[in-house]
Amino acid sequence: MRRFKGIYWRTFTVTVGMVALTLVLLGASFFALTYSYIMTEKRAELRSRAEIIAQMALDAYANSGTWLSQRDGIRSLLGVAQQMSGTDFLIYVPQAGAFIGTNTELDNRDVNLPAAMGEKLAKGESYLGSSTLGLYEKARIVVAVPARSTGNVVIGPVLAVAEPNSMTEMWRAFLGIFAMTAVTVLLIAFVATAATAMQQAKPIRDMAAASRRFADGNFDARVQDTGREDEIGELTEAFNAMADSLQKTEQQRREFIANISHELKTPMTTIAGYADGILDGVISPEEERQYLSIISAESRRLSRLVRRMLDVSQLQSLDLIHQKKAFDLSESMRRVLVSMEKKITARGLDVDVEIPEDPVMVLGDNDLLTQVVYNLLENAAKFASRNSTLFLGLEKKGEKAVVTVRNDGHTIPPEELPLLFERFHKSDRSRSEDKDGVGLGLYIVRTILEQHHEKITAASQDGVTTFAFTVQLAEEADRQRAAPARGGKAPS
């Protein structure tokens, strides 16, 4: 039963039902209109003939002053008219309460005209309707017109009576043609609706099947692109885009787990190995202090890794829209420089600083943007050649403040530059030079700047590596917000 409740069957049933209902309504409307038209034409024709017979019968009445004395002549007249038109004609004689017609049996039969007919004739009007007149088994079309004498006196009506056989035959022919047409239209509707409904339902079924494969862990499932430009085509395109995004997310998740496993495995293996060596007595008492120092360093590296991972998790869930405030970026950069003094001095580095003395007010989260400057400066100091020069600069460019950090060291290959901001990426693939790093510093930088809707660039040439990022100036942001107020309505 479930399969008959799907989109295919619903669309098919509704469309075919509407087509069938339309055919029925059109047939009924056509029947009503044509019936009314044909009946009107038929009665007009009978009325015209009845008036002609009435005029001819008046000549016989004028000669004798009565219908009855001229019965045979009138009967002959009515017989000729009947043969020519296929219509029965009767003349009603009020004095005798009988009809004069081609059938002699009517001469002695008492007849009373229908009340509606009598009312119409009494007013001198014609009667149009259906009746048996007490003479026929089935109702026939009857038209009665008053016959008037020379003084405009109604002397008796003339009736034209026609059988509805011709109309019945016409309706039978009409029903036959209508039935054949309806069957043809319904068959076309069946085929067209089936094809259309199938075309609409198939992509949805494919999406459902792909979704089930996704649930089973198959992230390669896709819906075949049919090239349609309607809503189904948009849905297919959106589904495949979502599938690509999910596959990428799954790949990133697996890479993240692999990287985490690698980063955790090395220090934990080192700690466990040296600890077991000390406990088992493999390491001599004289060497214990040295290996305990290694265990301590690896433990701190594990702590930094966990802390950085927590930082990343918190950053990705932040909503900075309500946390952005104006602050002096130049002052924050000076504080970072002071906090980095020990590390910079330890590597024998000089610092070239170009920070304006006047405040540079920017809009953002002070702590997070300070963290960006700290991470970039720490990274630059770590990979700078000993006794070289670090550069830290700040300048205004249009609506943005631009922070630049530059160091002298090894040249980073161009193909590796886009990977610097990925999680756990280290410029030294052997991971031997940077044993204290966890490969999350630059990823945190990119995450923070993305939360601020800002960009960062990296360039490396001839041993000089430069990082530069932008921050929205607070005064420019205030000016943009004030502009609509001064000019009237804000643009929609």
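In region 9-34, the residues that are assigned to a helix (DSSP H, G or I) form Cβ pairs under 8 Å with partners that are among the charged types (D, E, K, R), at six or more places apart or across chains, as follows: Trp9/Arg3.
Per this entry, Ala275 is counted among residues that are part of a helix (DSSP H, G or I) and either polar (S, T, N, Q) or farther than 23 Å from Thr11 by Cβ (or both).
For the residues Ala62, Ala28, the requirement of being aliphatic (A, V, I, L, M), open to solvent by 40 Å² or more (accessible area, probe 1.4 Å) and modelled with pLDDT under 70 singles out Ala62. How about region 356-369: which of its residues are open to solvent by 30 Å² or more (accessible area, probe 1.4 Å) and at pLDDT 90 or above? Of everything in region 356-369, those that are open to solvent by 30 Å² or more (accessible area, probe 1.4 Å) and at pLDDT 90 or above turn out to be Pro356, Glu357, Asp358, Pro359, Met361, Leu363.
Okay, residues lined up against (1) in a helix (DSSP H, G or I); (2) surrounded by 16 or more Cβ atoms within 10 Å (Cβ to Cβ); (3) out of contact with any helix residue (DSSP H, G or I) (no Cβ under 9 Å at 6 or more places or on another chain):
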residue: Ala201; (1), (2), (3): yes, yes, no
residue: Gln224; (1), (2), (3): no, no, no
residue: Glu229; (1), (2), (3): no, no, yes
residue: Phe239; (1), (2), (3): yes, yes, no
residue: Ala243; (1), (2), (3): yes, yes, no
residue: Lys248; (1), (2), (3): yes, no, yes
residue: Gln251; (1), (2), (3): yes, no, yes
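Residue-level analysis places Arg109 outside the set of residues that are charged (D, E, K, R), closer than 18 Å to Ser48 by Cα and modelled with pLDDT under 85. For region 44-54, state whether one or more residues are modelled with pLDDT of 75 or more, of a type outside the set (S, T, N, Q), within 59 Å of the chain's Cα centre (by Cα) and surrounded by 13 or more Cβ atoms within 10 Å (Cβ to Cβ). The answer is no; no qualifying residue exists. On the stretch given as region 396-412, residues that are more than 48 Å from the chain's Cα centre (by Cα) and not in a loop (DSSP other than H, G, I, E, B) total 5.
This table checks each residue for (1) open to solvent by 60 Å² or more (accessible area, probe 1.4 Å); (2) modelled with pLDDT under 90; (3) over 20 Å from Thr345 (Cα atoms).
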| position | (1), (2), (3) |
| --- | --- |
| Leu376 | no, no, no |
| Ser388 | no, no, no |
| Gly393 | no, no, no |
| Leu419 | yes, yes, yes |
| Gly437 | no, yes, no |
| Thr447 | no, yes, yes |
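Scanning region 203-222 for residues that are in a helix (DSSP H, G or I) and more than 18 Å from Arg253 (Cα to Cα) returns Pro203, Ile204, Arg205, Asp206, Met207, Ala208, Ala209, Ala210, Ser211, Arg212, Arg213.
The values are calculated or read from the model by the stated rules, or taken from the named source; none is laboratory data. Note that the coordinates shown come from a computational prediction; the quantities given were computed from them, not determined experimentally. All Cβ positions, glycine included, derive from the backbone under ideal geometry; neighbour counts span all protein chains shown. Heavy atoms of the whole protein, side chains included, go into the accessibility calculation; ligands, DNA and RNA do not. Shrake-Rupley method; radii C 1.70, N 1.55, O 1.52, S 1.80 Å.
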